[in-house]
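The values are calculated or read from the model by the stated rules, or taken from the named source; none is laboratory data. A quick note: this is a predicted structure, and the numbers were derived from the prediction, not measured. So basically every Cβ, Gly included, is an ideal-geometry build from the backbone, and we count neighbours across all protein chains shown.
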Amino acid sequence: MKPGMSRDMNPGAVERAPLALDGEPRFAWRGVMLDVARRFRPIPELERFVDLLAAHGVNVLQLHLTDDQGWRFEVRAYPRLTEIGRHRSASQLGHGQASTLDGVPHEGWYTQHELRGLVRYAAARGIRIVPEIDVPGHARAILAAYPEYGVGGAAAVAERVTEPWTRFGIDDEVLNVEESTVAFVCAVFDELCEVFDGELVGIGGDEAQKTRWRGDPRTQQLLVERGLADEEELQAWFLGRIAGHLAARGRRVIGWDEMLEGRDPAPDAVVASWRGPVGAELGARLGHEVVLCPDLWTYFDYRQSDDPAEPIPVGTVLALEDVAAFDPLPASSSTALRKRVIGLQANVWTEHLDTRDRLDYAVFPRLGAFAEIAWNGGPLDWASFAERLPGYLAWLDEQGVDYRPLDGPRAEQQRPGVPGVPRDRAARIAELERLTASLRSAPVVE
Ligand code: ACM
């Protein structure tokens, strides 16, 4: 057993959902990622979520604590992160061109004391919390608080970024790559390590846009001084510095598969592969442990049917039946990947999940199918799962979970008039191929 994969903690007397979760689990990492940056959820709600995860045999909760839209983690050395980063004046309503702003302020943050309590609470239920601070992209909440860490000088950044982002999407703002910025990020991770005692720490690394780095003379000077070929290598340099700092503290990092662009920043990192199999295959061939979370199968913010009544339909269709059909290691998977996969993770991005009930709607009952696959391997035998489904839904009712009914959203679960951006599966697969092209052609020294 790898050091990072501590044996399942004794979960005590956790009541299990009536699902097929018996015997030895197939995967050591049975994870769920929750985005509390886009939508803050108070601690009692997180405890309830932890209870529900434990009942599904989930043993990892990745907490996405920071993003463009909010910073939720108290950092004593840098108080403005929560003073400024915890609050935005409004949130985007809907998705795409037709979206608007809701005009409703949103805020929240966790003290270190509260999070220590949550770590203990989860551990007592057999769940490890893996905290994530996302760098160098998804950084607008940082830059609203400390513009000196952005690209182009503090004054220019302060003009561009006046508060955490009220919009959703991928933004050009990124951290700069000065030594002072590395020192700042390392200091933040130092405090994170004091609160979260597990070996693994999330550093993000996803969707960092390179436009500002490309257009900034100072960044280009640093790139050349450091002997780096391009902005992808610069990203790897940055992530490598953070990973190295954490390694000196006895920690290992987990990052999204973009982490492998440019060059490998940390040989012992865990790669969370979300953009199809390409990052997973490369990570495995480079010797990384891999967590599979391909968006087409495990993104629980994606719409659950083609029905226009689905609330704010985004992403491709990911119906309960589709989750059940998830084959984490299809016949095309390499031997290296089979050896290196440590588990599966469902990711819950919360742009459009602004209440506990909307979170319930997105997560359940899809988590039931995912949990069985994480425990037994996949795909599920639908006829067999369908036999357990009525009992499982009755159990969700007993727990007060506002899940999505099998025949579609109830009236109060719909969001009439709020636009989404439904995606077509073939178009998304083509986009993923384009996005991961550089990983496919990456040289690997075996
Ligand atoms: C991600 O979905 N940006 C990891």
Checklist line | Pair list, Cβ under 8 Å, 6 or more apart: region 149-171 residue in contact (Cβ under 8 Å) with a residue 60 or more places away in the chain, other residue loosely packed, with under 15 Cβ neighbours inside 10 Å and hydroxyl-bearing (Ser, Thr, Tyr) | finding: Glu163/Ser89; Thr166/Ser89
Check: Regarding Val253, is this residue under 20 Å from Leu192 (Cβ atoms), in contact with a strand residue (DSSP E or B) (Cβ under 9 Å, 6 or more places away or on another chain) and more than 12 Å from the ligand (Cβ to nearest atom)?
Finding: yes
Notebook entry, point to check: Somewhere in region 319-333, is a residue within 16 Å of the ligand (Cβ to nearest atom), touching a helix residue (DSSP H, G or I) at 6+ places or on another chain (Cβ under 8 Å) and in contact (Cβ under 8 Å) with a residue 40 or more places away in the chain?
Noted result: no
Margin query: Suppose the filter is in contact with a His (Cβ under 8 Å, 6 or more places away or on another chain) and not aromatic (Phe, Trp, Tyr); does His113 pass it?
Written below: no
Note to self: Looking at the structure I just gave you, is Arg338 of a type in the set (Lys, Arg) and within 16 Å of the ligand (Cβ to nearest atom)?
What the structure shows: no
Margin query: more than 30 Å from Arg303 (Cβ to Cβ), of a type in the set (A, V, I, L, M, F, W, C) and part of a loop (DSSP other than H, G, I, E, B): which single residue out of Ala98, Ala77, Ala90 fits that description?
Written below: Ala77
Item checked: All positions within region 324-361 that are in contact with a Pro (Cβ under 9 Å, 6 or more places away or on another chain), in a helix (DSSP H, G or I) and under 19 Å from Pro294 (Cβ atoms) -> Ala324, Leu337
Notebook entry, point to check: Quick one: is Pro419 closer than 27 Å to Ala309 by Cβ, out of contact with any helix residue (DSSP H, G or I) (no Cβ under 8 Å at 6 or more places or on another chain) and not in a helix (DSSP H, G or I)?
Noted result: yes
Margin query: Quick check on my filter: what residues within region 220-271 are in a strand (DSSP E or B) and free of Cβ contacts under 8 Å to residues at least 24 places away in the same chain?
Written below: Val271
Checklist line | Residue list for region 272-297, filter: near the ligand (Cβ under 10 Å from one of its atoms) and in a helix (DSSP H, G or I) | finding: Asp295
Next item on the list: Sort out which residues of region 195-230 are acidic (Asp, Glu) and within 16 Å of the ligand (Cβ to nearest atom), and write them in order of number.
Entry: Asp206, Glu207
Next item on the list: Pick out the one residue from Glu372, Glu310 that is over 20 Å from Arg48 (Cα atoms), modelled with pLDDT of 95 or more and either within 16 Å of the ligand (Cβ to nearest atom) or not in a loop (DSSP other than H, G, I, E, B) (or both).
Entry: Glu372
Notebook entry, point to check: Assuming Glu163 fulfils every condition listed in (1) in a loop (DSSP other than H, G, I, E, B); (2) within 21 Å of the chain's Cα centre (by Cα) apart from one, which condition is it?
Noted result: (2)
Next item on the list: Could you pull out the residue among Ala369, Ala346, Ala362 that is among the small types (Gly, Ala, Ser) and over 17 Å from Arg39 (Cβ atoms)?
Entry: Ala369
